[in-house]
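Novice: I'd like to ask you about the structure that follows.
The values are calculated or read from the model by the stated rules, or taken from the named source; none is laboratory data. As the structure is a computational prediction, the values presented were derived from the model and not from experiment. In this analysis, Cβ positions are derived from the backbone assuming ideal geometry, glycine residues included, and neighbour counts consider all displayed protein chains. Areas reflect the complete protein model, heavy atoms only, side chains present, ligands, DNA and RNA absent. Shrake-Rupley method; radii C 1.70, N 1.55, O 1.52, S 1.80 Å.
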Amino acid sequence: MQLYKNKQMDTNTAKELPKLDIPEDWIVGKDISPEILNMYTNFPCRLKAGIFVLCMAGEIEASIDATTYQVKANDFVTILPGSILQILKVTGELKIYFIGYSSLFITSTNIIKSTLDIFYTIKTSPVFPLKEEVAQIFRDHMDLLARTYITCYGKISREVTKHMFFTLIHGLGDLYKDLRTKKTVLGKSEQIAHEFTQLVMQHYSQERNVSFYADKLGITQAHLSTTIRQATGKTCIDIIASMVIMDAKAQLKSTETSVQDIAYSLNFTNMSFFGKYFKRHVGISPLEYRNS
């Protein structure tokens, strides 16, 4: 893989699957060889990083969260953190552009809050076919990022990187919203999943009980839980917790707000309850995470 400054993704051994992350805030690459991609055909990996790929030539057959996709010319691929990826086959003369953002950087930007509006659409349609003229615009944008990365390596502040990142995210948001509006009618399960994620985005800092969201949607808690599991592969608790924890992590890393005040901002009755909740989902205490 030809990555600028010869940086490579960091692979860590985990109990279930190898986890792939990036050792710096962001990285840009192109001309990634089939030989490198073939290194990832023997086993699936869970991504901690956020990955964006633009394919301009050749084809890649890949599995994302156990669903097989054919990635071809003018396809844009968005792989959210936590996704399980496996490369199955690479054919043709491959030409792709690659941007990756580390888990630490994504935590600081609170990406889940930024993408929750289109979360379900991205999860169900991670491979997005672009019109040729739009693909050329994305290619030019990624070329500019690549040149910026090379020229200004080590000199770009995290704040500037965030602005570049959100430019990409908002552009994707428009594309995915357009895709969603082109679908004739959402199925009942899709509609519930979409409305649930919207409600979570609005209320996660005050409400963590699934029953609250079921009441808002006018359905039983059991029906909501089953529907969300089928539609997203996650539980309602997983989705609510991902928002709460992402917000907490962002505050812990990017502000000097006390742990107690962060706990109160997320509607925990006391710091002890917040600490146990955080440790259950992250594996370490809030203070340990802040100092890590």
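Novice: Sort Arg158, Arg147 by heavy-atom solvent-accessible area, probe 1.4 angstrom, most to least.
Specialist: Descending accessible area places them as Arg147, Arg158.
Novice: Another question about this same structure. Report the accessible area of Glu132, computed with a 1.4 Å probe over the heavy atoms of all protein chains in place, in Å² rounded to the nearest 10.
Specialist: Roughly 120 Å² of Glu132 is accessible to a 1.4 Å probe.
Novice: For Asp21, Asp31, Asp174, what's the largest-to-smallest order of accessible area, 1.4 Å probe?
Specialist: Asp174, Asp31, Asp21
Novice: Placing +1 on the Cβ of each Lys and Arg and -1 on the Cβ of each Asp and Glu in region 202-290, which of Val282, Gln202, Ser265 has its Cα farthest towards the positive end of the resulting dipole?
Specialist: Among Val282, Gln202, Ser265, the one farthest towards the positive end of the dipole of region 202-290 is Val282.
Novice: Just to verify a number: what accessible area does Lys95 come out at with the full protein assembly present, 1.4 Å probe, Å² rounded to tens?
Specialist: For Lys95, solvent-accessible area is about 60 Å².
Novice: Give me the net charge for the shell around Ala193: Cβ to Cβ below 11 angstrom, other residues only, Lys and Arg +1, Asp and Glu -1.
Specialist: +2
Novice: Whenever you get a sec, compute what percent of the accessible area on region 136-292 sits on carbon and sulfur atoms (1.4 Å probe).
Specialist: The C+S portion of the solvent-accessible surface of region 136-292 is 53 percent.
Novice: Taking 27 Å as the cut-off for C-alpha to C-alpha distance, list the pairs among Lys89/Lys188; Lys95/Lys249; Lys72/Lys253; Lys48/Lys72 that go past it. Mind showing how you got there, number by number?
Specialist: Working: Lys89/Lys188 35 Å; Lys95/Lys249 36 Å; Lys72/Lys253 38 Å; Lys48/Lys72 24 Å.
Over 27 Å Cα-Cα: Lys89/Lys188; Lys95/Lys249; Lys72/Lys253.
Novice: If you don't mind, there's one more thing I want to ask. Hey, which aspartates and glutamates would be in cross-link range of Lys155, C-alpha to C-alpha under 20 Å, not counting anything within fewer than 8 residues on its own chain?
Specialist: Glu24, Asp25, Asp143
Novice: Roll a 1.4 Å probe over the protein heavy atoms and report the accessible area of Cys236 in Å², nearest 10.
Specialist: 0
Novice: Could you name the aspartates and glutamates in cross-link range of Lys131, using Cα to Cα under 12 Å and dropping any fewer than eight places away on the same chain?
Specialist: Within the straight-line limit of under 12 Å, Lys131 reaches these aspartates and glutamates: Asp75.
Novice: Here's something else I'd like to know. So how much slack lies between Lys131 and Glu159, counting 0.36 nm per residue of separation and subtracting their Cα-Cα distance, in nm? Intermediate results must be reported in sequence, preceding the final value.
Specialist: Values: separation 28, 0.36 × 28 = 10.08 nm, distance 3.14 nm.
Contour length minus the Cα-Cα distance gives 6.9 nm.
Novice: Taking amide H positions as placed 1.01 Å from N in the peptide plane, with prolines and chain starts having none, which residues 5 or more places from Asn74, or on another chain, fall under 5 Å of its amide H?
Specialist: Cys55, Met56, Ala57
Novice: Find out how many positive minus negative residues lie around Tyr69, taking Lys and Arg as positive, Asp and Glu as negative, among other residues whose Cβ is under 13 Å from that of Tyr69.
Specialist: Summing Lys/Arg as +1 and Asp/Glu as -1 gives -1.
Novice: Please give, to one decimal in nm, the separation of the simple spin-label points placed at Thr91 and Asp31, each 7 Å out from Cα toward the Cβ.
Specialist: 2.6
Novice: Mind giving me the nanometre distance, one decimal, between the label points for Lys188 and Glu24, set 7 Å out from Cα along Cα→Cβ?
Specialist: 5.2
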